[in-house]
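Please treat every number below as a calculation from the coordinates, not as lab data. Computed from a predicted model, the values in this text were never measured in an experiment. Because the Cβ atoms are built from the backbone with ideal geometry, glycine has one as well, and the counts that use them run over all protein chains shown.
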Amino acid sequence: MTPRFTKQDIEDFVEILSTDDPAAAEYAISSLLLASPRQKFSLLVKALPQSDDLRTQRICFILSSIPDNRCIDPLLGVLQRKSPATRVAAVDALKHYPQLRVLPHLARQLFSKDKDVREKVVETLGEFIKYGISEAQEPLLKIVDDENEVIKLRRAALKALSNLEDDDLLPMLENLQNSSSAELFAEVMYQFDILDTKDRDKKRSHVNDLISELISEKDILRKMFLSDKIAETGRLGAEVITEQLLRFPQNYELLSYGQQIFEKLGLKCTPVFEKIFHAFNQFDDIHRVHILSDFVMIAKEVGMDALAPALTDYFSRMQAYIDKFPENENTYFLYKAEILLALARFGVTDILDDLKEMFGDGSNLGFLYVVEAVFRIGDRDFLLPLINLYEKASDSRSDQFKVKKAFRAIIRREKIRRDDPLFKELSPDKKKSLDSLFNIKQNRKVANDPLF
């Protein structure tokens, strides 16, 4: 259970982070790690500009524990500090936020004169590759190929590159085998030995054995170990798990562990999911549709933007099935909503007509599920339905605030004022709701709702 801290408690803990007393610092760090992200994020970021190097390093560590991409920009700002140790702390924290936009900032740190900074960047780039960001290999390859670079860093870069999928790693190693210096040749051959690409069927069989053991194992710690071992097999592991899930769609234990493994693999799952979304046509099997909905949810949370075309195609075929069997419309509502929400997060606007059709006049509280999609890509056609939904959600201040954020996002994008002709024919009660929607004031607890 998360401890209850006041704002003053958090501010006091942040202040203590500057201390030279190890015990006091450990107490403050432990408390801040336990504190709610909603409580601590803004206060930590606010403290950064005035913080000395020691407190900044500790703040970086705490920020790395918050699963929120808003932490990225403050950490990128710390990379401008002069202290190498402080930049190392920022790079180490950025390891937890594998995003393409972070790469240029990390690559610039490879020109640092401090070896600790450069080694930490190489390690972090390896973690990005492990997550599926293949673009991270370019700066690493430059280090490996640079014969003027220190051999320790070149070896570290080669080790980081070993996180590539086997199909990508093999040609790279073959190229290095022919071009690398004598200093690096032994390391290249060692990676060849680890790769062992001769028997893919044997590897697939090994993954199947790990999955079978995972399901039958009773000890929770052993299950966690097996889950990590499956994740280490990369894209092949994702392929085998998806095959198993579609073969046995009611194996809910495998689904639960599969979700955890997919999240660890991150973008490496993209080609696996893409293939499934393009090929799937068993819309009459609700259990398999449910499995694919979980894949959609994972893709949305991980940020698999490259899946947008495959998801659009999948949505169209699902809608065609529903049009053929309209009695299934309500059953498939949440599955459709999950796809639209994912596409909206990916910035796809071609789905607006489908979103409008689903949202209708906003008279059903179930439409709250797609309010985030409206927030991200909605246009003026959603404003009147949002007024209706705002009134329907009158029993929940949190739900009303979600509606209000979507409404405010649209009026900002479309530059719509309170006196717009769109609102002219509203009833007096509707105009009261409209006045509330144009007034963004809310209590702080609700205003910090993390949904959007």
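With the simple model of a label 7 Å out from the Cα in the direction of the Cβ, ARG247 to LEU221 spans 3.2 nm. Between TYR369 and ILE411, residue separation times 0.36 nm minus the direct Cα-Cα distance comes to 13.1 nm.
Sorted on the mean count of surrounding Cβ atoms within 10 Å across their residues, most packed first, peptides 398-405, 300-307, 430-437 read 398-405, 300-307, 430-437. Spin-label model, GLU263/ARG70: points 7 Å from Cα along the beta carbon direction are separated by 2.0 nm.
At a Förster distance of 25 Å, what's the computed FRET efficiency of GLU147 paired with LYS113, Cβ-Cβ distance as r, to 0.05? Numbers along the way, then the final one.
Numbers: r = 19 Å, r/R0 = 0.78.
Efficiency for this residue pair is about 0.80.
Peptide packing: for 51-60, 33-42, the average count of neighbouring Cβ atoms within 10 Å per residue gives the ranking 51-60, 33-42, highest mean first. Excluding same-chain neighbours fewer than eight residues apart, the lysines reachable from LYS40 by a Cα-Cα span under 21 Å are LYS7, LYS95, LYS445. When the Karplus curve 6.51 cos²θ - 1.76 cosθ + 1.60 is applied with θ = phi - 60°, which whole-Hz ³J(HN,Hα) does each residue of the stretch 237-247 get, with x for Gly and Pro? Rounded to whole hertz, the list is x, 5, 4, 5, 5, 5, 4, 5, 5, 6, 7. Under the rule a/c < 1.5 gives rounded, and otherwise a/b versus b/c splits prolate from oblate, where does the stretch 214-309 land using the Cα gyration tensor? Judged from the Cα gyration tensor, the stretch 214-309 comes out oblate (a/c at least 1.5, b/c at or above a/b).
Would you kindly calculate the mean projected area, averaged across all directions, of the convex hull enclosing the Cα atoms of the stretch 7-195, in square nanometres? Please list the in-between numbers first.
Working: hull surface 45.8 nm².
The Cα convex hull of the stretch 7-195, projected and averaged over all directions, gives 11.5 nm².
The orientation-averaged projected area of the convex hull spanned by the Cα atoms of the stretch 225-367 comes to 8.6 nm².
Whole-Hz Karplus values for the stretch 101-114 come out as 5, 7, 3, x, 5, 5, 4, 5, 6, 5, 8, 5, 7, 8 Hz, taken residue by residue from phi with 6.51 cos²θ - 1.76 cosθ + 1.60 and θ = phi - 60°; glycine and proline positions read x. Taking 37 °C and 0.692 mPa s as conditions, the stretch 349-452 diffuses translationally at an estimated 240 µm²/s according to Stokes-Einstein applied to its Kirkwood radius (Cα pairs).
Arranged from fewest to most other beta-carbon atoms within 10 Å of their beta carbon, THR86, THR19, THR6 become THR6, THR19, THR86.
Assuming R0 = 41 Å, what is the FRET efficiency of LYS159 and THR331, from their Cβ-Cβ distance, to the nearest 0.05? Each step should come with its number before you reach the end.
Details: r = 50 Å, r/R0 = 1.21.
Once the sixth-power term is evaluated, E becomes 0.25.
Among the listed values (1) -0.24, -0.68; (2) -0.34, -0.94; (3) -0.55, -0.92, the one matching log10 I(q)/I(0) by the Debye sum over Cα atoms at q = 0.06, 0.10 Å⁻¹ as calculated from this structure is (2).
Note on GLN282/GLU26: beta-carbon distance plugged into 1/(1 + (r/R0)^6) with R0 of 41 Å gives a FRET efficiency of 0.15.
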